[in-house]
Amino acid sequence: MPAPESPLTVAHLGERAVVARIGARVPPAPAAVAVGIGDDAAVVQPDRGTLDVVTTDTLVEGVHFDRTFSTAADVGHKTLAANLSDLAAMGAEPRYALLALSLPASCPVADVDALVDALLALAAHHRTALVGGDVTASPGPLIVAVTAIGSVGRRRVLRRDAAAPGDIVYVSGAIGAASAGLAALRARPEAPRPAPGNPAEAAPGRDAGATPDAGAGLEACIERHRRPEPRVRLGTALGRNRAARACIDLSDGLADAVHRIAAASRAGVELDAEALPIDPAARSWFDAAGLDPIVAALDGGEDYELAFTSPPRFRGRLRHVRRQIRGLPITPIGVVTKEPGVRLRRGGKEEPLPGGYEHFAAAR
């Protein structure tokens, strides 16, 4: 029997052909893009009367994603989602994105296609145009970086440093699902590597790596890890209605986010453990693993929800926001205090809040 043919890789095509292949997949640029893909830089027309909001995120294989558990399409989706979540936390409407790929020579061309297609699908959903980027060789891991640009009205910018004593602390959606999903994937024996392909092969409902006894709730947690949903509609609604004082996204966990808001605002925060909206399937997973579900959900990253503070007198504005976000839960979980420090109140007692995920922490 003849040996199977090796997949077509980026080394077979070369840089120029890879760039041309990516460019061919990008839809026509909107009218506000004066110069798009194909020149040294993009030229765009800013929205009149707004500020530009610029953010960047990099995902490195072996640090932010494991190809045992995630397809290239997952990685493309997730890298843009991380950027869109940052824009949402600032109240900004996403407009443009730049994509930089550092590709190992052995990277299959099908993986590049799948990554770009998934990124473009999410971009189209949020009316974001891919206007340029870069492709280079990587001697080691796959590295995907996105820079995203959004726009926001001058008086609608959300920041981390504006929380005030008496503000209520809110969080959107549920927490803990992404970290439980990743833990569940790591716990599965001999989990198969997802096959490269188009984004449809990485859509919700697939069962790559699933065990027969995995429930729908845990599979949803796994999908939250693979395909996070940035809360763009909520962020823009909070800014448009001026319904929040401080806001941050939960890329590194709710505990990390609360610490950052407290430090930036020179205030304290007290959270109510019983009020935390922990995903039910994640709670069950943490319990079964012998972990404290509250600590694990606070400490786990990649929820990509939004945490924000809002004074009680803004409740009318929040009602307008709730009508605009189509059923996404917003849960009050604590209060901003004048006394410094971040605390968790559980069963009538106070305890320190976990620190959340931090790069290089293990090296110290």
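Which of the numbered conditions does Thr56 fail, given that it passes all the others? Conditions: (1) in contact (Cβ under 8 Å) with a residue 40 or more places away in the chain; (2) part of a loop (DSSP other than H, G, I, E, B); (3) not aliphatic (A, V, I, L, M).
Every condition holds for Thr56 apart from (2).
Do we have any residue at all in region 78-99 that's of a type in the set (A, V, I, L, M), touching a Phe, Trp or Tyr at 6+ places or on another chain (Cβ under 6 Å), open to solvent by less than 20 Å² (accessible area, probe 1.4 Å) and in contact (Cβ under 8 Å) with a residue 60 or more places away in the chain?
Here is the first cut: in region 78-99, the ones of a type in the set (A, V, I, L, M) are 80-82, 84, 87-90, 92, 97-99.
Narrowing further to those that are touching a Phe, Trp or Tyr at 6+ places or on another chain (Cβ under 6 Å): none.
No; the residues of region 78-99 include none that is of a type in the set (A, V, I, L, M), touching a Phe, Trp or Tyr at 6+ places or on another chain (Cβ under 6 Å), open to solvent by less than 20 Å² (accessible area, probe 1.4 Å) and in contact (Cβ under 8 Å) with a residue 60 or more places away in the chain.
What single numbered condition from (1) closer than 30 Å to Thr309 by Cα; (2) open to solvent by less than 60 Å² (accessible area, probe 1.4 Å) fails to hold for Thr58?
Only one criterion is unmet by Thr58, namely (2).
On the given criteria, is Ala296 touching a helix residue (DSSP H, G or I) at 6+ places or on another chain (Cβ under 6 Å), part of a helix (DSSP H, G or I) and within 16 Å of Ala183 (Cβ to Cβ)?
Answer is yes for this residue.
What number of residues in region 326-347 are more than 20 Å from Arg260 (Cβ to Cβ) and hydrophobic (A, V, I, L, M, F, W, C)?
The number of residues fulfilling the criteria is 1.
With the structure loaded, tell me whether Val135 is more than 22 Å from Glu219 (Cα to Cα), modelled with pLDDT of 95 or more and crowded, with 24+ Cβ neighbours inside 10 Å or whether it fails that test. Even if it seems obvious, please write down each step before you answer.
Numbers: more than 22 Å from Glu219 (Cα to Cα): yes; modelled with pLDDT of 95 or more: yes; crowded, with 24+ Cβ neighbours inside 10 Å: no.
Against the criterion (more than 22 Å from Glu219 (Cα to Cα), modelled with pLDDT of 95 or more and crowded, with 24+ Cβ neighbours inside 10 Å), Val135 does not qualify.
Any chance you could count how many residues in region 40-53 are loosely packed, with under 14 Cβ neighbours inside 10 Å and either free of Cβ contacts under 8 Å to residues at least 12 places away in the same chain or farther than 14 Å from Leu99 by Cα (or both)?
First pass over region 40-53, keeping only residues loosely packed, with under 14 Cβ neighbours inside 10 Å: 40-41, 43, 45-46, 48-49.
Filter once more, so that each one left must be either free of Cβ contacts under 8 Å to residues at least 12 places away in the same chain or farther than 14 Å from Leu99 by Cα (or both): 40, 43, 45-46, 48-49.
Here the count works out to 6.
Taking only pairs six or more apart or across chains, which ones have beta-carbon atoms under 7 Å, a first residue in region 262-279 that is within 10 Å of Arg346 (Cα to Cα), and a second residue that is in a helix (DSSP H, G or I)?
Leu271/Val258; Ala273/Ile294
How about region 272-293: which of its residues are among the hydrophobic types (A, V, I, L, M, F, W, C) and open to solvent by 20 Å² or more (accessible area, probe 1.4 Å)?
Selection gives Ala275, Ala281, Trp285, Ala288, Ala289, Leu291.
For region 75-108, what are the residues that are in a helix (DSSP H, G or I) and of a type in the set (Gly, Ala, Ser)?
Selection gives Gly76, Ala81, Ala82, Ser85, Ala88, Ala89.
Looking at region 23-59 only, could you name the residues that are in contact with a Leu (Cβ under 8 Å, 6 or more places away or on another chain) and of a type in the set (A, V, I, L, M)? Quick ask: steps written out before the conclusion?
The initial filter retains those residues of region 23-59 that are in contact with a Leu (Cβ under 8 Å, 6 or more places away or on another chain), namely 25-27, 37, 42, 53, 55.
Hits for region 23-59 are Val26, Ile37, Ala42, Val53.
Looking at region 213-241, which of the residues that are open to solvent by less than 40 Å² (accessible area, probe 1.4 Å) and aliphatic (A, V, I, L, M) is farthest from Ala88 (Cα to Cα)?
Result: Ala214.
Would a scan of region 252-272 turn up a residue that is charged (D, E, K, R) and in contact with a helix residue (DSSP H, G or I) (Cβ under 8 Å, 6 or more places away or on another chain)?
no
Could you please tell me which pairs satisfy a Cβ distance under 8 Å, a separation of 6+ or placement on different chains, a first residue in region 101-130 that is under 19 Å from Ala145 (Cβ atoms), and a second residue that is of a type in the set (Lys, Arg) and not in a helix (DSSP H, G or I)?
Taking only residues 6 or more apart or on different chains, the pairs are Thr128/Arg95; Ala129/Arg95.
Mind counting the residues in region 325-364 that are at pLDDT 85 or above and assigned to a strand (DSSP E or B)?
17
Filter region 299-324 down to residues that are part of a strand (DSSP E or B) and among the β-branched types (Val, Ile, Thr), then give me how many there are.
Counting residues in region 299-324 that are part of a strand (DSSP E or B) and among the β-branched types (Val, Ile, Thr) gives 1.
The values are calculated or read from the model by the stated rules, or taken from the named source; none is laboratory data. Note that the structure is predicted; figures quoted are calculated from it, not measured. Note that each Cβ is placed from the backbone with ideal geometry, even for glycine, and that neighbours are counted across all protein chains shown. Note: areas computed on protein heavy atoms with side chains; ligands, DNA, RNA excluded. Shrake-Rupley method; radii C 1.70, N 1.55, O 1.52, S 1.80 Å.
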